[in-house]
Amino acid sequence: MVRSDRSWEPGHADLDWIEATGRPPHPVIVEMEGVAEPEGIPILSRDSGRILAVLAANRRRVIEVGTAIGYSTLWMALALPRGGTIVTIDPDRSRTDRARALWRKAGVPDATITVVNEPALEAFAGASDALAGPFDLVFIDALKEEYQRYLDALRPRLEPGAFVVADNVLWSGRTSGGRPSSDGDGTVELRDFCARLSADPAFETAILPIGDGLLVATLRMDAGA
Ligand SMILES: C[S@@+](CC[C@H](N)C(=O)[O-])C[C@H]1O[C@@H](n2cnc3c(N)ncnc32)[C@H](O)[C@@H]1O
């Protein structure tokens, strides 16, 4: 294990400075953060949202697995170039209806975001034109035990150079074994997903220790289809 032996780690002052230096989030992003926690709706961290925005800024066709109330979707939608689109999948229509209302409030045209209300694996097995691809950014944030199968289904629909991003790969310390896991909680599958993607020479992959762990990979331009 090679690890920096620096005696300094970023602290609260550094994190506050990072937040103060960043562009203030859109008011609807802040509104979503305010409703998600009290209602127990899982959304990604603001830091991870900022990374998603960076990655989305020059993308044209985004696919997201796991919409909830559309927080991560909005980070990407606000960063997309003109004409960029997002397809987002979540079987929970009550959540995605709220998401649509919030996206409208943020001024995102309906045509920018297509919602698919089906379990993702069923949707990928169907013949929906919206899911045909090719996609240049994939964001995975639904059932942890299915991450690998989402990626397997999407792999033939990725453009060379596409980004693949997945949230919760640290799984609150369970993936590394730093905290105990239990059978069926998705830990084993997350560990396998991270190991397989990291070892795949078609991708360059990094796991960022922000939020609950954000995996970021890119499909190499010289990778075979
Ligand atoms: C962690 S939340 C998504 C959070 C969202 N990406 C964000 O950061 O704002 C996970 C979502 O996955 C949805 N979900 C559950 N099963 C699913 C499936 N089989 N396919 C797609 N989405 C699913 C849930 O309804 C839930 O809203």
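Where a number appears in this text, it was derived from the coordinates with a stated rule and is not lab data. Computed from a prediction, not measured in an experiment: that's the story for all the values here. All Cβ positions, glycine included, derive from the backbone under ideal geometry; neighbour counts span all protein chains shown.
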Amide H of V87: which non-local residues (sequence gap of 5 or more, or other chain) have their own amide H closer than 5 Å, using H built in the peptide plane?
V62, I63, E64, T114
Apply the Karplus curve 6.51 cos²θ - 1.76 cosθ + 1.60, θ = phi - 60°, to the phi angles in region 152-163 and return the couplings in whole Hz, x for Gly and Pro.
4, 5, 8, 3, x, 9, 8, 6, x, x, 4, 8
Tell me the volume per residue, in Å³, of the convex hull enclosing the alpha carbons of the chain.
147 Å³
From the phi angles alone, apply the Karplus equation (6.51, -1.76, 1.60; θ = phi - 60°) to region 176-193 and give each ³J(HN,Hα) in whole Hz, x where the residue is Gly or Pro.
6, x, x, 10, x, 10, 10, 3, x, 8, x, 4, 4, 5, 5, 4, 5, 4
Kindly provide the helix-only [θ] at 222 nm of the chain, computed as the sum of -39,500 (n - 2.57) over DSSP H runs of four or more divided by all residues, to the nearest 500 deg cm²/dmol?
-11000 deg cm²/dmol
Taking the chain as a Gaussian network, where each spring joins two C-alpha atoms under 10 Å apart, which residue of E37, E118, E204 fluctuates the most?
E37
Rounded, prolate or oblate: pick one for region 50-171, where a ≥ b ≥ c are the square roots of the eigenvalues of its C-alpha gyration tensor, a/c under 1.5 means rounded, and failing that, prolate if a/b is larger than b/c, else oblate.
rounded
Springs between alpha-carbon atoms under 10 Å, Gaussian network over the chain: tell me which of A77, A132, A20 tops the mean-square fluctuations.
A20
Within region 64-148, report the GluC sites (Glu not before Pro) that DSSP leaves as loop and that have at most 14 other Cβ atoms within 10 Å.
none
Mind checking region 1-106 for trypsin sites (Lys or Arg not before Pro) that DSSP puts in a loop (not H, G, I, E or B) and that have at most 10 other Cβ atoms within 10 Å?
R3, R6, R82
Exposure-ranked with fewest Cβ neighbours within 10 Å first, M32, M221 stand as M221, M32
Kindly write out, for region 101-118 in residue order, the coupling ³J(HN,Hα) from the Karplus curve 6.51 cos²θ - 1.76 cosθ + 1.60 (θ = phi - 60°), rounded to whole Hz, with x marking Gly and Pro.
5, 6, 4, 4, 4, 7, x, 7, x, 3, 5, 6, 10, 9, 9, 10, 9, 8
Please report T112, T67 as a ranked list, fewest other C-beta atoms within 10 angstrom at the top and most at the bottom.
T112, T67
Residue order, fewest to most beta carbons within 10 Å, for S182, S45
S182, S45
